[in-house]
Amino acid sequence: MNITIKKAEALKPRPKDSELGFGNIFTDHMFNMDYDPENGWHNPRIEPYHAINMDPSTMVLHYGQAIFEGLKAFRTEKDGIQLFRPKDNFSRMNLSARTMCIPEFDENLALNGLKELVKIEKDWVPQELGTSLYIRPTIVAMDPFLGVRASYTYRFFIILSPVGAYYAEGFNPVKIWVSKNHVRAVRGGVGFVKTAGNYAASLYAGEEANKKGYTQVLWLDGVEQKYVEEVGSMNIFFVIDNKLVTPELNGSILSGITRDSVICLAKKQNLEVTERRISIDEVFEVHASGKLQEVFGSGTAAAISPVGLIKYGDQTIQIGEKKVGPVAEKFFKDLTDIQYGKVEAPEGWIQKVID
Ligand code: COI
């Protein structure tokens with residue numbers, strides 16, 4: 001399928017790398033594609049960035065039938081531009097599509113559209129370590145209809161945003177709060193895919209955490225409220241007795257691509273890594289016995305984010321000495337070295353946009 005291109009007439013001013021935060025600046029162009037039952041996915045196109053016109057009855061506004069992804073493009077030292085694991089993002093997006101009754105799309109077409117778009121927006125890819133071009137592919141239900149059913153029509157779009165660190169703390173340890181009263185997702189639900197409602201469901205507890213001075217919520221499982229799941233914007237890893245432990249994928253945890261990257265890199269370095277159930281009580285026990293060396297999160301937006309403090313009920317533990325631990329630091333370096341093209345990536349992780 002041919003991707004048509006219409007260029008913007010006026011370009012926006014671009015921010016300095018040092019001014020970048022997360023998710024508040026958008027580039028000059030976007031990718032769009034539509035779905036209807038007669039034509040399937042059709043009319044892939046790159047156009048000037050613009051608002052999407054919606055009837056107030058548009059289904060996504062009422063029932064949240066929406067999925068999205070987050071991935072990044074990086075500027076290499078040789079001034080090339082490359083995407084980190086985009087095929088994995090589009091394949092996960094199709095898993096989200098199947099789960100949310102959205103028609104699957106052609107992953108090669110989406111990847112070609114993305115590469116074309118990033119090529120056009122090449123000057124928006126920042127340079128400094130810690131900055132990148134964040135990519136947000138999204139699909140939303142477009143039928144103007146108020147009955148509860150899957151929509152017949154959809155819009156697929158990709159927008160781009162130059163970003164710095166996701167957390168205000170940057171690469172410094174964040175404080176997380178374990179919610180006792182709220183759960184993010186349950187087995188048999190949709191916690192394992194990237195659908196808008198999972199994030200809406202996390203807001204109430206997130207606000208509570210912020211009010212208490214914590215950056216994020218650490219979610220426990222929705223059934224026994226005992227086992228650690230994820231942080232919502234990132235998966236979580238524990239360094240216990242020089243080994244890495246992360247909650248196993250159980251149907252309610254998002255299968256993070258950065259999580260998978262950390263597991264692959266750990267295995268290559270012969271660092272023992274176990275995916276298993278880990279209870280919050282065990283986390284506090286290993287801390288009490290002096291075996292909990294580090295805790296860190298992993299995610300596209302957050303990259304590798306050290307955790308310095310965990311609060312659960314009236315107990316609080318401090319991990320490390322209020323600074324980044326050596327394991328998190330090494331994963332941050334290993335991952336960013338690959339992303340910025342300083343070292344060779346494992347097979348299939350990098351797609352070059354500009355060499
Ligand atoms: C990401 O890490 O890309 C995410 O999607 C998490 C969050 C910003 C929603």
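The values are calculated or read from the model by the stated rules, or taken from the named source; none is laboratory data. Since the model is a prediction, treat every value here as computed from it, not as a measurement. Cβ sites come from the backbone with ideal geometry, for glycine too, and all protein chains shown count toward neighbours.
Summary table
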read-out: Residue match in region 122-136 (condition: assigned to a helix (DSSP H, G or I) and within 16 Å of the ligand (Cβ to nearest atom)); value: no
read-out: Test: residue in region 278-288 that is assigned to a loop (DSSP other than H, G, I, E, B), buried (at least 19 other Cβ atoms within 10 Å of the Cβ) and either among the acidic types (Asp, Glu) or touching a residue at least 60 places away in the same chain (Cβ under 8 Å) (or both); value: no
read-out: Which numbered condition ASP337 misses (of (1) free of Cβ contacts under 8 Å to residues at least 60 places away in the same chain; (2) assigned to a strand (DSSP E or B); (3) within 22 Å of the chain's Cα centre (by Cα)); value: (2)
read-out: Filter result (within 16 Å of the ligand (Cβ to nearest atom) and basic (Lys, Arg)) within region 1-57; value: none
read-out: Region 157-209, residues that are closer than 26 Å to GLU282 by Cα, assigned to a loop (DSSP other than H, G, I, E, B) and within 12 Å of the ligand (Cβ to nearest atom); value: SER202
read-out: Enumerated strands (runs of 3 or more DSSP E) restricted to region 210-251, each holding at least 1 residues that are assigned by TED's automatic domain parsing to the domain that holds GLN293 and over 16 Å from TYR167 (Cα atoms); value: 235-240, 243-247
read-out: Residue list for region 301-313, filter: at pLDDT 95 or above and either at positive phi or surrounded by fewer than 22 Cβ atoms within 10 Å (Cβ to Cβ) (or both); value: LEU309, LYS311, TYR312, GLY313
read-out: Residue that is surrounded by the most Cβ atoms within 10 Å (Cβ to Cβ) [pool: residues in region 314-325 that are free of Cβ contacts under 8 Å to residues at least 24 places away in the same chain and not in a strand (DSSP E or B)]; value: GLU321
read-out: VAL353 in a helix (DSSP H, G or I) and of a type in the set (A, V, I, L, M); value: no
